[in-house]
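A.B. asks: Dropping a structure here in structure tokens format, bear with me for questions.
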């Protein structure tokens, strides 16, 4: 039985070597990556049995995703699309270097997951899990994906499965107004929310410091716990009126893509492994520490997906205080 079940789109990622432009480069490195499957893979690194729900084209590219995720310890539970229009979403990543930003070009419109229906998926996995997790990326993909997100959150709620959600705003998928409407539709069905400070302000109009934002979100949506991430300033969690702050671990960044997913996967992974899946201040405090370390390790690894072990994560946590920025 999977302890953690996630739901969302995983794509094929194509990227030229660092310092090479997409419009002139030759070879493109191919990998797979998607926010929700990245979370599942990170949780697996901490010893959690994780599964991933989605819809994939019944072709070699869809099967490539399944093979890759199995290699990361994640159980894929997918609906197969055998229609003539079946396709896998793709994104192109061009690495930047100051002053030029890293750029992502999506080619994911009308991918198979945009036609997904919750009835096609194994909802028993959700009902039997300890935690169900998805993100704001998924309902942004299509009306069908938004409906499936709501249906799976409802199924999780009916089964008393902890419902986790990451805002994960993507400006190339929907506007601020569309995102605000979409979030407002799903957040009442969420127990644990991960919210980047910038997105809570820009999209949901919650002004103030991280604690103010966390308290406003928790009160408005009746959330059990809120974790506000603040980039280089670390994170702040609100649980049972307790405020818990965590810094970041210093790192040498090789690839920043997937850092936020690793943070969430590390948090949920530790919550399940040593916290019993219960949202208590003590469990959240420990989970936040593991989340910060997991995110730092991910930044040293090429690709979207964390490849690590519990021992390695704990060695980062146990390192000298000089190696942590708080």
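A.B. asks: For the chain, what relative contact order do you get, as a whole percent, if you take Cα pairs closer than 8 Å and at least 6 residues apart?
C.D. replies: For the chain, the relative contact order is 17 percent.
A.B. asks: Need one number: % antiparallel among DSSP beta bridges in the stretch 73-175, to the nearest 5.
C.D. replies: Counting DSSP beta bridges with both partners in the stretch 73-175, the antiparallel share is about 55 percent.
A.B. asks: Share of antiparallel DSSP beta bridges in the chain, in percent to the nearest 5?
C.D. replies: Taking every DSSP beta bridge with both residues in the chain, the antiparallel ones total about 45 percent.
A.B. asks: Let me ask you something else. Mind ranking 13-26, 43-56, 171-184 by how tightly packed they are, going by the mean number of other C-beta atoms within 10 angstrom, highest first?
C.D. replies: By packing density, highest mean first, the sequence is 43-56, 171-184, 13-26.
A.B. asks: Multiply the residue separation of residue 102 and residue 160 by 0.36 nm, subtract the distance between their alpha-carbon atoms, and state the gained length in nm to one decimal.
C.D. replies: Separation in residues times 0.36 nm, less the Cα-Cα distance, equals 16.8 nm.
A.B. asks: Mind ranking 65-75, 274-284 by how tightly packed they are, going by the mean number of other C-beta atoms within 10 angstrom, highest first?
C.D. replies: Top to bottom by mean Cβ count within 10 Å: 65-75, 274-284.
A.B. asks: To the nearest Å, what is the center-to-center distance of the stretch 161-196 and the stretch 242-284, using C-alpha atoms only?
C.D. replies: Computed from Cα coordinates, the inter-centre distance equals 19 Å.
The numbers here are math on the coordinates, done by the rules we state, and not lab data. Everything numeric here is computed off the predicted structure, so don't read it as measured data. Here the Cβ is made from the backbone with ideal geometry for all residues, glycine too, and neighbour counts use every protein chain on show.
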